[in-house]
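The values are calculated or read from the model by the stated rules, or taken from the named source; none is laboratory data. None of these values were measured; they are calculated from a predicted model. Virtual Cβ from ideal backbone geometry, glycine too; neighbours counted across all protein chains shown.
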Amino acid sequence: MIAESISILSLLICFITIFFAFRQHGKLGLFVYSAIIVIVSNLQVLRLTQYCFFTSPVALGTVAFSTTFAVDNILTELYGSKIAKQNVWMSFFGYLFFICLMRLTTMHPIVCETHCINLHDEMRKLFSPSFIIFISSLISYVVCQMFDIFIISFLKKIAKGKYLSARSFVAMSSSAFLDNVIFSALAWIVFAEHPIDFSTLWSSYIFMNYLFRLVIAVLCVPLVKSIVRFHLRCK
């Protein structure tokens with residue numbers, strides 16, 4: 001249960017950070033959180049872990065990244081879709097900027113100095129991501145975040161501002177499913193040098209991972225509701 005305990009602790013830290021970032025800095029705090037999480041989750045995905053309820057290893061990053069949909073819902077609910085979309089684009093360009101700078105860092109000539117720390121090879125492996133994974137990640141991020149914002153906005157109009165918990169869950173669960181499908185299809189079929197068959201794609205990369213993200217979506221609902229209530233109470 002070590003992997004499960006660490007993931008639960010990671011999710012709890014994300015929840016606490018979201019709450020206090022919003023409490024202290026409002027929407028700007030959530031903007032900063034989203035930008036950091038997009039970078040962190042795309043680095044975490046380079047590591048695998050083994051959960052007792054999965055037969056195959058699972059890429060890390062899912063726990064942290066799933067909370068970005070909760071942030072979208074909070075921003076859309078309190079400030080509107082325009083502000084939520086700004087958050088998405090800021091996170092997108094923040095990650096792009098980070099990768100570009102770190103990639104340029106790895107291109108510097110190697111200095112052979114025995115008395116200094118030289119982690120060139122380690123940094124090159126870490127910050128030279130597969131082009132296929134990189135592009136698939138960027139495309140799925142923008143499309144699915146925008147989809148999440150659209151869904152929560154659309155449902156808010158239909159429900160006339162009521163049923164926040166249900167609206168938030170529907171938006172997060174549907175967006176998570178779309179994210180799984182788009183990223184997996186692009187990375188392992190469309191852009192892949194050796195595409196896998198659809199049955200393998202569904203069973204190994206989409207279905208089981210989506211069940212995991214569905215659980216996280218359920219846990220994110222109380223967070224969204226509590227932050228929205230906190231904001232309305234303090235107005």
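Does region 54-68 contain any residue that is at pLDDT 95 or above, surrounded by 13 or more Cβ atoms within 10 Å (Cβ to Cβ) and on the phi < 0 side of the Ramachandran plot?
Yes, some residue in region 54-68 is at pLDDT 95 or above, surrounded by 13 or more Cβ atoms within 10 Å (Cβ to Cβ) and on the phi < 0 side of the Ramachandran plot.
I'd like to know if region 60-71 contains one or more residues that are in contact with an Asp or Glu (Cβ under 9 Å, 6 or more places away or on another chain) and without any contact (Cβ under 8 Å) to a residue 60 or more places away in the chain.
Within region 60-71, one or more residues are in contact with an Asp or Glu (Cβ under 9 Å, 6 or more places away or on another chain) and without any contact (Cβ under 8 Å) to a residue 60 or more places away in the chain.
Starting from region 1-13, keep only residues that are surrounded by 13 or more Cβ atoms within 10 Å (Cβ to Cβ), then list their pairs with residues that are of a type in the set (Val, Ile, Thr) and modelled with pLDDT of 90 or more whose Cβ atoms are within a distance under 6 Å, requiring at least 6 positions of separation or different chains.
Listed by first residue and then by second, the contacts come to Ser7/Val63; Ser10/Val63; Leu11/Val63.
Among the residues that make up region 215-233, is at least one of them buried (at least 17 other Cβ atoms within 10 Å of the Cβ), at pLDDT below 85 and either in contact with a Leu (Cβ under 7 Å, 6 or more places away or on another chain) or in a helix (DSSP H, G or I) (or both)?
no
If you check Ser7, Ser66, which single one turns out to be out of contact with any Lys or Arg (no Cβ under 8 Å at 6 or more places or on another chain) and either more than 27 Å from Ser165 (Cα to Cα) or among the hydroxyl-bearing types (Ser, Thr, Tyr) (or both)?
Answer to the selection: Ser7.
So Thr49 ticks every box in (1) of a type in the set (S, T, N, Q); (2) surrounded by fewer than 22 Cβ atoms within 10 Å (Cβ to Cβ); (3) out of contact with any Leu (no Cβ under 6 Å at 6 or more places or on another chain) but one. Which box is left unticked?
Unmet for Thr49, out of (1) of a type in the set (S, T, N, Q); (2) surrounded by fewer than 22 Cβ atoms within 10 Å (Cβ to Cβ); (3) out of contact with any Leu (no Cβ under 6 Å at 6 or more places or on another chain): (3).
So is Phe22 of a type outside the set (Val, Ile, Thr), under 28 Å from Tyr205 (Cα atoms) and touching a residue at least 24 places away in the same chain (Cβ under 8 Å) or not? Show your work before the answer.
Numbers: of a type outside the set (Val, Ile, Thr): yes; under 28 Å from Tyr205 (Cα atoms): no; touching a residue at least 24 places away in the same chain (Cβ under 8 Å): yes.
No; evaluated as a whole, the condition is false for this residue.
Tally up the residues in region 174-209 that are closer than 24 Å to Phe150 by Cα and without any contact (Cβ under 8 Å) to a residue 40 or more places away in the chain, please. Spell out how you get there, then give the answer.
As a first pass, look at region 174-209 and keep what is closer than 24 Å to Phe150 by Cα: 174-186, 206-207, 209.
Those left that are additionally without any contact (Cβ under 8 Å) to a residue 40 or more places away in the chain: 174, 177-181, 184-185, 206-207.
The qualifying residues number 10.
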